[in-house]
1. Which whole-Hz couplings ³J(HN,Hα) result when phi for each residue of region 811-826 is put into the Karplus expression 6.51 cos²θ - 1.76 cosθ + 1.60, θ = phi - 60°, listed in order with x for Gly and Pro?
2. Calculate, in nm to one decimal, what ILE380 and GLU534 gain on full extension: separation in residues at 0.36 nm each, minus their alpha carbon distance.
3. Which pairs, out of LYS523/LYS597; LYS239/LYS278; LYS220/LYS565; LYS278/LYS523; LYS128/LYS185, put more than 21 Å between their alpha-carbon atoms?
4. Given 10 Å bins starting at zero, what is the percent of C-alpha pairs of region 80-305 in each, up to the one with the largest pair distance?
5. Rank LYS566, LYS185 by accessible area, highest first, at a 1.4 Å probe radius?
6. Which residues' amide hydrogens lie under 5 Å from the amide hydrogen of LEU516, considering only partners 5 or more residues apart or on another chain, with H built in the peptide plane?
7. So how exposed is ARG848, as accessible area in Å² (1.4 Å probe, rounded to 10)?
8. As a test of reading the structure, rank ASP135, ASP819 by solvent-accessible area (1.4 Å probe, protein chains only), most first.
Amino acid sequence: MELQHKLKIALVVASFAALTILFTARRRRKRRSVSTSCYLRDDQKPQYAFKRVLADNSYSAFKHLKLNMNKDNDVNSHPYESEILSLLENSSPEFNFISERTDLTLSDTYAWVETVSQLEELVDVLNKEMVFAVDTEQHSLRSFLGFTALIQISTHKEDYLVDTIALHDSMNLLRPVFANSRICKVFHGADNDILWLQRDFHIYVVNLFDTAKACEVLSKPQKSLAYLLETYCGVATNKMLQREDWRQRPLPADMVQYARTDAHYLLYIANCLLVELKQVNENSSTDDKFNFLLEASRRSNMTCLQLYSKETEGSPGESAASSIWSRHLNSQGGSALISCKTQFQDRVRRLCAWRDLMARVHDESLRYVLSDQAIVAIAIQVPKNTGELYATIAQVDLNVDLSSSLFLPSPSSVVCSHLDDIHCLLHDNFGDLDNIFLVILQNCIGSNGSCPLSIFNYALLVKYNLKMMTISKHNDRKNAKQISKKASRELFVQKFSCKSPVYHNCRIYANDGRLLCYCDRRKLEWYLRRELAELVADDPPAIKLLFEPKGRPEDEGNDFYIQSKKNICVGCGEGNHYLRYRIIPSCYRVHFPEHLKSHRSHDIVLLCVDCHETAHAAAEKYKRELAAEFGIPLFVRRVVDTKEAFDMAAEPSDSETNVQEEGVSPLELRTAAMALLRHGPRMPLKRQEELMFVVMKYYGRREISEEDLERALLVGMSPHERRRLQKKKGLAFKHSPQSVFPDAERQNGACNIDTSTVDSSSVDVNNHMNSDSGSVSETCVPGGEVSFSDNGYAKTAQPKFNSKLSLLGHGPHGKLVVDYLLKEYGEDGIRQFCQRWRQVFVAAIQPRFLPAGWDVNHSGRRDFGEFSLYNPKKKAFPDNERTI
């Protein structure tokens, strides 16, 4: 009994202790959650000491420097455009680099510039120089947009390391020096440096010599700075130091050595390349128009015209979410259920939007806040609580870190500070994202927010509040339509956007080493398979032709074809998705002479969905203007059956009236035939009679059969359109192809045309112009050419099939316009016509990212070489004897 009593007492004590511990733990957890503050309050980042930033983390566009405040310049215009253009027009650029080999040994002394007075002294020194070398070091991991952490400047006498963190607010002192066209600035691979200097300091580079561009012109096997340092200076560098944290002060000795090396040897390397450029010019033939030195200078200064722009999205994290969806679905092979896909996409969208917002608030990079792999893992299997959420992220990132050289804290400080927000975001199935993020934003940087307010996120809070204040209950229906439109847009992007890069930027060189063009891999492989070229580089691939090509791009004024191109929208710079867009509509271009359209990529550009829609609308509007200008309707307005047309032509007394009154538009005929075939017996009698009358007008008002309906359904279609229609579900033709496509010889007299490909609605429109008025007949008789007699009634000629022509689109209109231009103005008329379309495109899109060399006045002249399929000599034999 005593033992049982002791056990009961022990049990009570243990239970009481457990309850006490549990209660205490809950109180501590509650107290800790209330007092939790953002990690940034204890871990101040260097950029938080900046008093002013030009590019904050808001969704507003970047504003460039305006030199003349009284002039209403475009926000995105280059402030020094005229100075740069004058340099581009200079036909004899002069450079004065190091003239003799000096002692290139890197000394122990250098100037560390960290005060305003030291920076002013540096400005005075640079103003006396004719040339100096520049390089920059960036930090992007712990910053949303990134910032310049160090600038290295080297003159003939000394190396300067400018602490841009300490001098961030005074770096404008260097602006006049970099914009001075008298002083040459030597960079290597300046494309990014140019943009970073604009973003952080409004510094614009004028008069640039880029050693990487010189390497391109000289066709060097490599153009990296490491290669040049080792080749010309015998110096090896550790490029892994480029990924180090350049914010740290003081910099370790090895990082100082690396920073000095990048700029110290640039002037000597530039001089070596300059000598080689001059030697190549001297060794080239006297009739060679290509100036290598001038080309290197031109390419370098073209880089200066670039303008920095912030990436903008319709909603936070939208592009990242789209990218993660597509990559995940591709890895799964598209086998997931629709419902699972929808849930997965919604979670990814929420997590990407949250990550984007938190990265902007805390001024952190997206990869630092939350990795893509972690987002996928969370979206697939939603953690039940914050502890499981923490463990999931840590495990996923551990696997990622093991496969890469970059180790990041996981979960990040941002995630640890906002675990509850992520958990609520994943389990809130009914909340509107805008409202959820407004609450999160207020909790972070609102009046009682846990995160510090900074110059990086202040504009974000103000503009987001203004945005949310404009939303009212009256817009619910409008918002629903916008959501539906957005979903349709995402589906369109996923289905029709290019699935792989369009531009591979492979190079083709002539047998003398001169660059001929950039192209894709397929073209390179074509030459290699036929042993017409040899491979000279692997990454990116490059070949050298083993024969003398017909003409050179620079001789033909085609600089466009010797420029590398980016896989981005030429209008807004969107790089996550893009579609090909033909500036000259296909309905015209397909009828151009072969040598004016074959192998012509100048007028095919990349556009995102939004820019593509804008350009298409402008093109359709201009088509209507052309139709009015030339008097050529966009669509064939009426068609009649071939047999009935012959019957009318046999009675000239009233045939004019018949042709004017009979006939129906191809689209109206197809719609009526489709409805009758599918739903005829179930239609109301009145509607059935209306549609039957439409079809009867095509057949001369005679009684029609089901076979006639099947034939009418295919009127006006090209063979490709017919095959596509026949593959659709629910369209099974009861009659044989021979009855649907009657023999042309039996129908129209002797004519050698294959009955398996003849469409009774095929038409050649060469002679559709009225000889008296120049206008186009509204009536088209399928199966043959149409001409007009003196009294105006229609008569048919022998049928002539044209497989490219469809009566349902703008094909006939396009052919008549092109034929008219060729007849009246020749090929010059076609070139002027193309220039008009390019002007329409530029006016509609205002493109800011067109490839270098693209020109509204591009001539398109080209001669075809011996091996080209488009050489006129190869077209001497008939089509039926040609083998492809």
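1. So the Karplus estimates, Gly and Pro as x, are x, x, 4, x, 5, 5, 5, 5, 4, 5, 5, 5, 5, 8, 10, x Hz.
2. 50.6 nm
3. LYS239/LYS278; LYS278/LYS523
4. For region 80-305, the pair-distance distribution reads 7, 34, 38, 17, 3, 0.
5. LYS566, LYS185
6. Correct list: ILE508, TYR509, ALA510.
7. Its accessible surface works out to 110 Å², give or take rounding.
8. ASP819, ASP135
The values are calculated or read from the model by the stated rules, or taken from the named source; none is laboratory data. Just so you know, these numbers come straight off a predicted model, no measurement behind them. Reconstructed Cβ throughout: ideal geometry from the backbone, glycine too, with neighbour counts over all protein chains shown. Accessible surface areas use protein heavy atoms only, side chains included; no ligands, DNA or RNA. Shrake-Rupley method; radii C 1.70, N 1.55, O 1.52, S 1.80 Å.
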